[in-house]
Amino acid sequence: MMIQMLGIRKVYSTGRVEVEALKGVDLEIDRNEFVAIVGPSGSGKSTLMNLLGCLDTPTSGLYKLSGETVGGLDRNRLAEIRNRHIGFVFQNFNLLPYATALENVELPLLFGGVPTKERRERAEAMLRKVDLADRMDHKPTELSGGQMQRVAVARALVNRPTMILADEPTGNLDTSSGKGIVGLFQELHKGGQTVVMITHDMALARIASRVVQIRDGEIVDDQRAAA
């Protein structure tokens, strides 16, 4: 099992006011699933994403990622787990504007101390995988929105993560580019990659093989697509 969450609560304190963003969430995700987590603004989906991605820790409850309990770890250990297990794809791409597509994809490997030759070969392979072999030397300003998001996907994949975590990945794309990115996620899923996508768009969520709906900090529905 890739993800196991039991009784996850997250409480934010602002002065004397406490806000319970997650109210005892139970969630299990197997390897090689394509799961969409969908909910309106304020539903708790962003909080859940931060916990899934080891960007934050729960107030209480159990979270295991690939069999390892991560709920109470310090920031350094969480960073190690993120680098090893999770590839992030964000709505705003988060690319370095003055670096080429290839340099952007190389970045996680650079931080990981991967030698130059291997780093370049792996980054080039990932850009070919997302159909950007002819855009490796282009900077983000020379790419379309869809191409920038493909660079972001390649960067997420280059460390060979066990899970892709995508936060509103089509939010800044036109309809055609958005369909292309979702199609890429479907291809990755068919190839054995675990994909978890956070979205507010139910139509987009239905493309996944499983849709988990969250509202007011609680999971209210969990449906797998018919075979």
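Of note:
- Per DSSP, loop trypsin sites (Lys or Arg not before Pro) in the range 30-76 with at most 14 further Cβ within 10 Å: Arg31
- Among the DSSP helices (H) of the chain, none spans at least 30 angstrom by Cα along its long axis with an average Kyte-Doolittle hydropathy of 1.0 or more; this is a geometric and hydropathy rule only.
- Residue by residue, the range 53-63 carries 3J(HN,Hα) couplings of x, 6, 8, 8, 10, x, 5, 7, x, 10, 10 Hz when phi is fed to the Karplus relation 6.51 cos²θ - 1.76 cosθ + 1.60 (θ = phi - 60°); x denotes Gly or Pro.
- Computed over the range 1-151, the quotient of the alpha carbon radius of gyration and 2.2 N^0.38 Å is 1.23.
- The chain: calculated mean residue ellipticity at 222 nm from DSSP helix runs of at least 4, using -39500 (n - 2.57): -10500 deg cm²/dmol
- Size of charge dipole - the chain - debye, nearest 20, with Cβ of Lys, Arg +1 and Asp, Glu -1, no other charges: 320
- Of Lys139/Lys179; Lys117/Lys190; Lys45/Lys117, pairs whose Cα-Cα distance is over 31 Å: Lys45/Lys117
- Cross-link pairs Lys10/Lys64; Lys23/Lys64; Lys64/Lys129 - those with Cα-Cα distance over 23 Å: Lys64/Lys129
- For Glu28, the amide hydrogen comes within under 5 Å of the amide hydrogens of Met5, counting only partners 5 or more places away or on other chains and with H modelled in the peptide plane.
- Amide H contacts for Met197 (H built 1.01 Å from N in the peptide plane; partners 5 or more residues away or on another chain; cut-off under 5 Å): Val35, Ala36, Ile37, Ala166.
- Distance between the 7 Å Cα→Cβ label points at Thr162 and Val11: 3.0 nm.
- Neighbourhood charge, 12 Å Cβ-Cβ cut-off, centred on Met126 and excluding it, Lys, Arg +1 and Asp, Glu -1: +4
- Local electrostatic count, Gly87, Cβ distance below 11 Å [Lys/Arg +1, Asp/Glu -1]: +4
- Using C-alpha pairs below 8 Å separated by at least 6 residues, the relative contact order for the chain is 29 percent.
No value in this document is a laboratory result; all are computed from the given coordinates. Please read these numbers as outputs of a predicted model, since none were measured by experiment. Cβ coordinates were reconstructed from backbone atoms using ideal geometry, including for glycine residues, and neighbour counts include every protein chain displayed.
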